[in-house]
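Values in this text are rule-based calculations from the coordinates and carry no lab data. All of these numbers come straight from a predicted model, not from anything done at the bench. Glycine gets a Cβ as well: all are built from the backbone with ideal geometry, and neighbour counts include every protein chain shown.
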Amino acid sequence: MDDMLELRPAVAAEAAEISMLLARAWRENYAEFLGGYRTERLIARYCAVERISAEIGATGAGDGWLGWLIARTEGELAGAGAGGITTVGSGEVYTLCTSPDHKEVGAALIDAVTRQQRERGAAEQWVAVYGPEDPMYPFYAGQGFTPETVPAAATTDEDGGPAVLRLHRAV
């Protein structure tokens, strides 16, 4: 890991930068997998600067939202992640992305999100992916996440896209 890695909570002035990183990561990792139209709909819903700014402002409002964490290397935004406590003893990784040039910060980000959740009593952690073919599936599997259930066959959601697969691990 780069000695110049800075991991910390995001501040309001970084909302636009986080938005751009998320949108870029979604386009580069999911446009082919989910289709361009569906990917752009997800970007519009989850990557809006206004939404991220409001989420940064809500940090500390409760355990359900523990806030955005960012990773910087040499001043450049290299990754972002967020999570919260969903039920007593159970954390959720809501999002985690890295710049294509800094994928190595993913493990440090998930560790930081996990520390936040452990400090609030999490003994297990969950994340949702779009099935075993999801571009993030290998990363989460490498971090010890396993499927809640193994799907017997490929499934689709109501929009014809891949269905969500829940992964979990003990923390």
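A few notes on this one:
- Computed over the stretch 1-69, the percent of Cα pairs more than 19 Å apart is 44.
- Each of F139, F145 has some number of other Cβ atoms within 10 Å of its Cβ, and from fewest to most they run F139, F145.
- Distance from the Cα centroid of the stretch 53-108 to that of the stretch 8-32 is 11 Å (rounded to whole angstrom).
- Two-decimal log10 I(q)/I(0) for the chain, as the Debye equation yields it once each C-alpha is a single scatterer, q = 0.11, 0.18, 0.20 Å⁻¹: -0.45, -1.26, -1.51
- For G84, distant residues with modelled amide H under 5 Å away: L66, E92, Y94
- Beta bridges from DSSP with both residues in the chain: antiparallel share about 90 percent, rounded to the nearest 5.
- Relative contact order [Cα under 8 Å, 6+ residues apart], the stretch 5-170, whole percent: 19 percent
- DSSP-assigned coil residues among GluC sites (Glu not before Pro) in the stretch 34-116, each with at most 15 further Cβ atoms within 10 Å: E74
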